[in-house]
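Engineer: Before I ask anything, here is the structure I am working with.
The values are calculated or read from the model by the stated rules, or taken from the named source; none is laboratory data. Here the structure is a predicted model, which means the values were calculated and not measured. In this analysis, Cβ positions are derived from the backbone assuming ideal geometry, glycine residues included, and neighbour counts consider all displayed protein chains.
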Amino acid sequence: MTLQKIPYGISNYRMIREEGYVYVDKTRFIKVLEDYPEPYVFFLRPRRFGKSLFVSLLSSYYDIAAKGEFDHLFSGTYIGRDPTPLRNKYYILNFDFSGISTDSKEKLMETFSKSVLISLNLFIQKYCPQCSLIQMDNAPELLLKFFQLVENEIDGPLYVIIDEYDHYANELLGFDLTLFQNSVSKNGFIRKWHEVLKQGTKTSVRKIFATGVSPITLDSLTSGFNIGKNLTRSPKLNEMMGFTGEEVTRLITDTLPEGSITPAMLETMQQYYRGCCTTKMGFPQEDNFHSIERNIAS
């Protein structure tokens with residue numbers, strides 16, 4: 001058997017599939033998510049659970065521009081064998097807030113706005129090249145201008161995908177609570193940005209999927225963004241991110257020579273990586289591994 005490569009540090013679904021890295025098939029959860037009535041979803045997990053890889057998976061699956069690549073990207077997967085009617089039906093708008101600076105209020109506003117600007121212009125370059133690129137430095141106004149710009153230029157709904165929605169906020173909570181309150185809650189610019197996103201659901205935005213590690217920021221947004229449903233503790237989604245014991249065993253078989261892992265090593269992994277309670281019903285599966293993916297397939 002030809003051993004597959006370990007995708008250490010790779011969170012790009014397309015790269016993993018195209019370059020022969022091992023992949024634990026989580027595509028069945030695409031249909032599970034679709035079956036929920038809530039179109040605006042938050043799903044939280046600690047670091048190293050594969051959140052970025054999962055949002056990359058969603059982007060590849062729903063991207064209207066990747067319609068001709070479906071078999072190439074999903075051959076052999078659960079969703080490839082049984083796709084949903086919504087495959088490749090959305091224009092994908094990606095945001096990643098992991099690189100936001102929290103050194104000061106000015107740096108927070110500058111880097112948040114820059115991150116938003118980059119995402120919006122990447123969207124325009126990909127889907128709407130006839131539109132003029134946006135050049136502004138106010139994040140809420142940026143998003144409002146974007147919705148106005150593309151509303152009549154694209155023929156289909158938007159799927160907004162946000163990775164690390166609270167990365168900057170968690171840092172602020174640790175050393176500058178006042179800046180957190182003035183930016184995220186009350187009348188802060190980040191709350192206003194989410195208010196504009198909420199307004200977008202009345203026009204072109206049909207779905208939102210956001211990941212992060214804590215519900216604190218979501219709670220702090222209050223009425224600014226009260227449409228999001230937190231499905232973090234749903235039993236149906238318990239195994240959507242992270243690895244079960246069965247999946248870890250399969251990873252070992254697919255990536256390491258026979259005999260590389262002993263029973264004692266597996267016991268050690270169970271000791272340090274199992275036991276993450278994420279559902280209302282407690283532990284639905286005894287051997288539920290979690291951040292072990294740091295060492296196997298982050």
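Engineer: Against the definition (surrounded by 18 or more Cβ atoms within 10 Å (Cβ to Cβ), at positive phi and either touching a Pro at 6+ places or on another chain (Cβ under 9 Å) or at pLDDT 75 or above (or both)), how does GLY242 come out, yes or no?
Structural biologist: In short, yes.
Engineer: Just to be sure before I move on: is GLY50 over 25 Å from PHE189 (Cβ atoms), modelled with pLDDT under 95, in the same structural domain as ILE208 (by TED's automatic domain parsing) and within 18 Å of the chain's Cα centre (by Cα) in the structure I sent? Before the answer, list the steps.
Structural biologist: Numbers: over 25 Å from PHE189 (Cβ atoms): yes; modelled with pLDDT under 95: yes; in the same structural domain as ILE208 (by TED's automatic domain parsing): yes; within 18 Å of the chain's Cα centre (by Cα): yes.
Against the criterion (over 25 Å from PHE189 (Cβ atoms), modelled with pLDDT under 95, in the same structural domain as ILE208 (by TED's automatic domain parsing) and within 18 Å of the chain's Cα centre (by Cα)), GLY50 qualifies.
Engineer: If you scan the range 23-75, which residues turn out to be in contact with a Gly (Cβ under 8 Å, 6 or more places away or on another chain) and free of Cβ contacts under 8 Å to residues at least 12 places away in the same chain?
Structural biologist: Listed by number, the list holds a single entry, ASP71.
Engineer: Could you tell me which of the residues THR201, THR211 is in contact (Cβ under 8 Å) with a residue 60 or more places away in the chain, within 21 Å of the chain's Cα centre (by Cα) and surrounded by fewer than 22 Cβ atoms within 10 Å (Cβ to Cβ)?
Structural biologist: Matching residue, one of THR201, THR211: THR201.
Engineer: Turning to a different aspect of this structure: Among ASP25, ASP35, which is at pLDDT 90 or above, of a type in the set (Asp, Glu), surrounded by fewer than 20 Cβ atoms within 10 Å (Cβ to Cβ) and touching a Phe, Trp or Tyr at 6+ places or on another chain (Cβ under 6 Å)? Break it down into steps so the answer makes sense when it comes.
Structural biologist: Details: ASP35 fails: touching a Phe, Trp or Tyr at 6+ places or on another chain (Cβ under 6 Å).
It is ASP25.
Engineer: A further question follows. Of the numbered conditions (1) farther than 22 Å from LYS26 by Cβ; (2) at pLDDT 95 or above; (3) part of a loop (DSSP other than H, G, I, E, B), THR102 satisfies every one except a single condition; which is it?
Structural biologist: Among (1) farther than 22 Å from LYS26 by Cβ; (2) at pLDDT 95 or above; (3) part of a loop (DSSP other than H, G, I, E, B), THR102 violates only (2).
Engineer: Still on this structure, please answer the following. Which of (1) among the charged types (D, E, K, R); (2) surrounded by fewer than 19 Cβ atoms within 10 Å (Cβ to Cβ); (3) modelled with pLDDT of 90 or more; (4) part of a helix (DSSP H, G or I) does ARG191 not meet, given it meets every other one?
Structural biologist: (2)
Engineer: Name every residue in the range 156-188 that is aromatic (Phe, Trp, Tyr) and either at positive phi or surrounded by fewer than 21 Cβ atoms within 10 Å (Cβ to Cβ) (or both), in order of residue number.
Structural biologist: Residues of the range 156-188 that are aromatic (Phe, Trp, Tyr), as a first pass: 159, 165, 168, 175, 180.
Correct list: PHE175 only.
Engineer: Output the residue which, of all residues in the range 214-239 that are without any contact (Cβ under 8 Å) to a residue 40 or more places away in the chain and surrounded by 19 or more Cβ atoms within 10 Å (Cβ to Cβ), is nearest to ALA169 (Cα to Cα).
Structural biologist: Among those that are without any contact (Cβ under 8 Å) to a residue 40 or more places away in the chain and surrounded by 19 or more Cβ atoms within 10 Å (Cβ to Cβ), it is LEU221.
Engineer: Taking ARG47, is it part of a loop (DSSP other than H, G, I, E, B) and over 17 Å from ARG28 (Cβ atoms)?
Structural biologist: Taking the combined requirement at face value, the residue satisfies it.
Engineer: Separate question: Report, by residue number, each residue of the range 218-249 that is in a helix (DSSP H, G or I), within 16 Å of the chain's Cα centre (by Cα) and under 16 Å from LEU197 (Cβ atoms).
Structural biologist: Matches in the range 218-249: LEU218 only.
Engineer: So, one more: Find the residue count for the range 132-148, including only residues that are over 15 Å from LEU93 (Cα atoms), out of contact with any helix residue (DSSP H, G or I) (no Cβ under 6 Å at 6 or more places or on another chain) and either small (Gly, Ala, Ser) or not in a loop (DSSP other than H, G, I, E, B) (or both).
Structural biologist: 2
Engineer: Collect the residues in the range 152-184 that are hydroxyl-bearing (Ser, Thr, Tyr) and within 17 Å of the chain's Cα centre (by Cα), keeping them in residue-number order.
Structural biologist: Selection gives TYR159, TYR165, TYR168.
Engineer: Additional query: What pairs come up if the first residue lies in the range 178-194 and is touching a residue at least 40 places away in the same chain (Cβ under 8 Å) and assigned by TED's automatic domain parsing to the domain that holds GLU141, the second is assigned to a helix (DSSP H, G or I) and of a type in the set (Val, Ile, Thr), and their beta carbons are under 7 Å apart, counting only those six or more places apart or on different chains?
Structural biologist: The qualifying pairs are SER183/ILE190; ILE190/VAL184.
Engineer: For the range 51-100, give me each residue that is acidic (Asp, Glu) and surrounded by fewer than 17 Cβ atoms within 10 Å (Cβ to Cβ).
Structural biologist: Within the range 51-100, the first condition is being acidic (Asp, Glu), and the residues that meet it are 63, 69, 71, 82, 96.
Within the range 51-100, GLU69, ASP71, ASP82 qualify.
Engineer: While we're on this one: Suppose we filter ILE162, ILE118, ILE124, ILE134 for residues that are among the hydrophobic types (A, V, I, L, M, F, W, C) and touching a residue at least 40 places away in the same chain (Cβ under 8 Å); which single one remains?
Structural biologist: Within the list ILE162, ILE118, ILE124, ILE134, the selection yields ILE162.
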